[in-house]
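Input: a single structure, listed below in structure tokens.
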Amino acid sequence: MRVTRILDLIVLVLLATVLLMPRPDATVKPALALDSELKDRVAELQSRLVGKPDDADAALELANIYLDGHLPDWALATVGPLARARPDDYRFQHLRAIACADRFEGAPAFEAASKALTLCESAPAGMPTCGDATHARLSLLRSTLESIASVDMKNQPYLAKERIFQKLHPVWVPKKPPRKALPGGKAPPGAAPAPGEAPKSSETPQKP
């Protein structure tokens, strides 16, 4: 009986080894591909959140690091509890919009961006204020996500890319045209003197 149990344990150990051991052709990569300084910062922020889960600044900084590391799922998991606890804080909705867009989820991203812009404009009491630069970024983000809210970005990435480029097209600013010379070759008033020519004074010389 004891021998049977030992054989069963051996079989279980061998089975676990086969299932858990990686394949020979598998390539193991770190989940968070960051430099050592950022990894230390991630560990520090995680420790802060363990001791103080409602630390909004730590959660936002950590989530932004995750986004830079192309880990939107981790970013959403980090800000999720605080986004529900602080529904009037535009910063969490802003980050949710970026993370959802990184996950190719157009409709949730547009919804979060719309909430963030509304909160930015309404400025609820006790919440961080939204400056002009942030408001401009949120407006651009919302309008861009609105154009792809109904697009299946996973199956139609080229359509989503085309619509995003339409919203983010470069703006051409024309240069100021040069002033035309007056008849007779005279320069217009206020024009710069020609090279080698002394500037002319507009004052009338007084008689002695």
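The values are calculated or read from the model by the stated rules, or taken from the named source; none is laboratory data. Predicted model, so just to flag it, every value in this text is computed and none were measured. In this analysis, Cβ positions are derived from the backbone assuming ideal geometry, glycine residues included, and neighbour counts consider all displayed protein chains.
Here is how the numbers come out for the structure above:
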{"quantity": "Any chance PRO87 is assigned to a helix (DSSP H, G or I) and closer than 17 Å to ALA56 by Cα", "calculated": "no"}
{"quantity": "Test result for ALA97, at pLDDT below 90 and either in a loop (DSSP other than H, G, I, E, B) or under 13 Å from the mean Cα position of the chain (by Cα) (or both)", "calculated": "no"}
{"quantity": "Meets criteria (of a type in the set (Asp, Glu) and either over 18 Å from the mean Cα position of the chain (by Cα) or surrounded by 17 or more Cβ atoms within 10 Å (Cβ to Cβ) (or both)) for ASP73", "calculated": "no"}
{"quantity": "Some residue of the stretch 117-124 being of a type outside the set (S, T, N, Q), more than 15 Å from ARG142 (Cα to Cα) and surrounded by fewer than 16 Cβ atoms within 10 Å (Cβ to Cβ)", "calculated": "yes"}
{"quantity": "Residue in the stretch 23-43 that is at pLDDT 85 or above, touching a Leu at 6+ places or on another chain (Cβ under 9 Å) and within 27 Å of ALA97 (Cα to Cα) present", "calculated": "yes"}
{"quantity": "Failed item in (1) modelled with pLDDT of 90 or more; (2) more than 22 Å from ALA58 (Cβ to Cβ); (3) crowded, with 19+ Cβ neighbours inside 10 Å, with ALA112 passing the rest", "calculated": "(2)"}
